[in-house]
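The values are calculated or read from the model by the stated rules, or taken from the named source; none is laboratory data. The structure displayed is predicted, hence computed values, not measured ones. As a convention, Cβ positions derive from the backbone with ideal geometry for all residues, glycine included, and neighbour counts pool all protein chains shown. Heads up: the accessible areas ignore ligands, DNA and RNA and are worked out on the full protein's heavy atoms, side chains in. Shrake-Rupley method; radii C 1.70, N 1.55, O 1.52, S 1.80 Å.
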Amino acid sequence: GYVARHGTRYALGLRLREIAQPLTDADAALRTAFAPALQALARRSGETCYLAVPCGTREYLYIDAVEGSERLRVASPRGRREGLTTSAIGKIFLAHDPALVRSLRRAGLVPAALEQELQAIKEAGYALDLEEAEPGLNCLALPLRRQGHVVAALGVAGPAQRLSKAKLRRLAQAGLRDLF
């Protein structure tokens with residue numbers, strides 16, 4: 001039941017859907033739980049905001065997004081995967097998961113500068129990406145917790161000229177106040 005044959009073609013079977021259902025349910029529960037925070041950050045920033053979850057040892061997955069109100073905005077990446085080491089959202093997951101960092105360190109993917117940055121992120125409570133992942137794009141990420149564990153991240157991204165480092169820090173402080 002994992003694969004179904006249709007003539008000379010193959011398709012994923014219903015058994016795979018059954019196996020994946022708990023993941024779909026978990027994502028839906030996170031979307032529901034964190035929708036108010038996602039919408040509040042989108043209103044406050046006017047930029048596109050994201051909800052993402054860890055996905056394996058090297059990536060995260062966008063599971064929800066609210067597009068910004070500005071004319072020039074970042075498109076929703078819902079359903080897309082991104083790497084952990086170059087983005088604000090990825091760094092949030094790394095800063096709060098030592099096992100994940102160890103795995104990437106063994107693969108030679110954690111430079112010394114990133115190790116230091118992860119400690120600073122853990123202390124500050126948020127992560128910034130100032131044109132690291134993409135030229136002209138600045139981002140902020142906040143950890144989202146359930147029972148004390150980071151289970152998702154809230155992110156905002158927009159053009160560097162609108163989202164300066166100072167504005168991102170103000171958004172982070174307001175977002176952290178809202179979350180805690």
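For region 148-156, the criterion of being under 15 Å from the mean Cα position of the chain (by Cα) and more than 25 Å from Ala29 (Cα to Cα) is met by no residue. Those strands (runs of 3 or more DSSP E) of region 1-109 in which at least 3 residues are open to solvent by less than 60 Å² (accessible area, probe 1.4 Å) and at pLDDT 80 or above, considering only elements entirely within it, cover 48-55, 59-66.
What about Leu130, is it closer than 23 Å to Gly175 by Cα, of a type in the set (A, V, I, L, M, F, W, C) and open to solvent by less than 20 Å² (accessible area, probe 1.4 Å)? It is false that Leu130 is closer than 23 Å to Gly175 by Cα, of a type in the set (A, V, I, L, M, F, W, C) and open to solvent by less than 20 Å² (accessible area, probe 1.4 Å).
Specify which of the listed residues (Ala127, Ala166, Ala160) is over 16 Å from Pro36 (Cα atoms) and modelled with pLDDT under 95.
On the way: Ala127 fails: modelled with pLDDT under 95; Ala166 fails: modelled with pLDDT under 95.
That would be Ala160, the only listed residue that is over 16 Å from Pro36 (Cα atoms) and modelled with pLDDT under 95.
Counting only residues that are of a type outside the set (A, V, I, L, M, F, W, C) and in a strand (DSSP E or B), which one in region 138-149 is nearest to Leu163 (Cα to Cα)? Among them, the one singled out is Asn138. Taking the stated definitions as given, is Gln116 at pLDDT 90 or above and farther than 22 Å from Thr32 by Cα? Against the criterion (at pLDDT 90 or above and farther than 22 Å from Thr32 by Cα), Gln116 qualifies. Checked against (1) without any contact (Cβ under 8 Å) to a residue 60 or more places away in the chain; (2) open to solvent by 50 Å² or more (accessible area, probe 1.4 Å), Asp178 meets all criteria but (1). Of everything in region 110-123, what is under 28 Å from Leu179 (Cα atoms) and open to solvent by less than 50 Å² (accessible area, probe 1.4 Å)? Give them in sequence order. Residues satisfying the conditions are Leu114, Leu118, Ile121.
Within region 123-137, the set of residues being assigned to a helix (DSSP H, G or I) and under 19 Å from Thr57 (Cβ atoms) is empty. Remark: pairs (first residue in region 29-43, free of Cβ contacts under 8 Å to residues at least 24 places away in the same chain; second residue open to solvent by 80 Å² or more (accessible area, probe 1.4 Å); Cβ separation under 9 Å; 6+ apart in sequence or on different chains) = Pro36/Asp178; Arg43/Ser69.
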